[in-house]
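**Q** Take this structure first; my questions come after.
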Amino acid sequence: MLKRSPLNLSACGGCGGPSFQQPCPLCSYYPMGSDKGQWHPRTASREFFCEKVAESAPAGTGNLATWVLAQKKRTVAYREDLSFRQRLDDTLSIAAGLDVANPGVVFDLVVGGQTSVHRERLQRDLWSFWEVVDALGMQSGPEDRSGAMADAVVEMHAGDFDGACAKLRAIVTDELDQDRSRRPEIRRALDTLDRISPRIEATEPVGPRM
Ligand SMILES: [Zn+2]
């Protein structure tokens, strides 16, 4: 999981528990805001963390993966976008069956050992791929786009980097054609894809470019 997601756990500045986002999923600590969270300056115990992780799936069967994913239930997308809600619920039930590190071990590492737990550093191009996925995921889009993005991610996990990039490029190109997005992220996404997986030009005799 850590190899394939941008997850990075480090001790929260408020409660001190393992956290991967701001506001903190344990205590809502947000260093830039006035809300310092209900735990600040108390300390999230190992037991508290393990409880929160267990509660992230039905009947206390949560694991680290469901705990991370469950935070997305707090989003507007989950409340208002039926297909997003469906996909997240499906993903959560798959995540519940994953074999992930025990939350107590993670707590000891992150809080006790003051080690931040993160995936191995990816090649720069792989990292850029996930940035494009994130950029596209940030915007609400038509349902068919979600499916196409899921396909691209599946292809990526199957090891077909260029194939996955081609799928993302099709989404981005479509967005630009439809003029659905005026956001510069989409334009940048296309530049990124061209850089990390150059388009294969049609085999035509080399001549002056138009
Ligand atoms: Zn916290």
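**Q** Name the helices (runs of 4 or more DSSP H) wholly inside the range 37-93 in which the number of residues that are β-branched (Val, Ile, Thr) is 2 or more.
**A** Result: 64-70.
**Q** Here's another thing I want to ask about it. Here are GLY33, GLY17: which of them is within 15 Å of the ligand (Cβ to nearest atom), in contact with a Leu (Cβ under 6 Å, 6 or more places away or on another chain) and not hydrophobic (A, V, I, L, M, F, W, C)?
**A** Matching residue, one of GLY33, GLY17: GLY17.
**Q** What single numbered condition from (1) without any contact (Cβ under 8 Å) to a residue 60 or more places away in the chain; (2) surrounded by 19 or more Cβ atoms within 10 Å (Cβ to Cβ) fails to hold for VAL106?
**A** Only one criterion is unmet by VAL106, namely (1).
**Q** A follow-up question, please. Would you point out which residue out of GLN71, GLN86 is within 20 Å of ASP134 (Cα to Cα), at pLDDT 90 or above and within 13 Å of the ligand (Cβ to nearest atom)?
**A** Unique residue meeting the criteria: GLN71.
**Q** Kindly check whether there is at least one residue in the range 19-39 that is within 16 Å of the chain's Cα centre (by Cα) and either of a type in the set (Ser, Thr, Tyr) or at positive phi (or both).
**A** Yes: one or more hits.
**Q** Continuing with the same structure: Which of (1) in a helix (DSSP H, G or I); (2) under 24 Å from GLY137 (Cα atoms) is the odd one out, the single condition CYS24 does not satisfy?
**A** Every condition holds for CYS24 apart from (1).
**Q** I've got another one for you. Do any helices (runs of 4 or more DSSP H) entirely within the range 117-187 hold 2 or more residues that are at pLDDT 85 or above and farther than 27 Å from SER10 by Cα, and if so, which?
**A** In the range 117-187, 143-157, 161-178 are the helices (runs of 4 or more DSSP H) which contain 2 or more residues that are at pLDDT 85 or above and farther than 27 Å from SER10 by Cα.
**Q** From LEU82, LEU92, which residue is assigned by TED's automatic domain parsing to the domain that holds GLN21 and under 21 Å from ASN8 (Cα atoms)?
**A** That would be LEU92, the only listed residue that is assigned by TED's automatic domain parsing to the domain that holds GLN21 and under 21 Å from ASN8 (Cα atoms).
The values are calculated or read from the model by the stated rules, or taken from the named source; none is laboratory data. Since the structure is predicted, the reported quantities are computational estimates derived from the model, not experimental observations. Please note: Cβ atoms are built from the backbone with ideal geometry, for glycine as well, and neighbour counts cover all protein chains shown.
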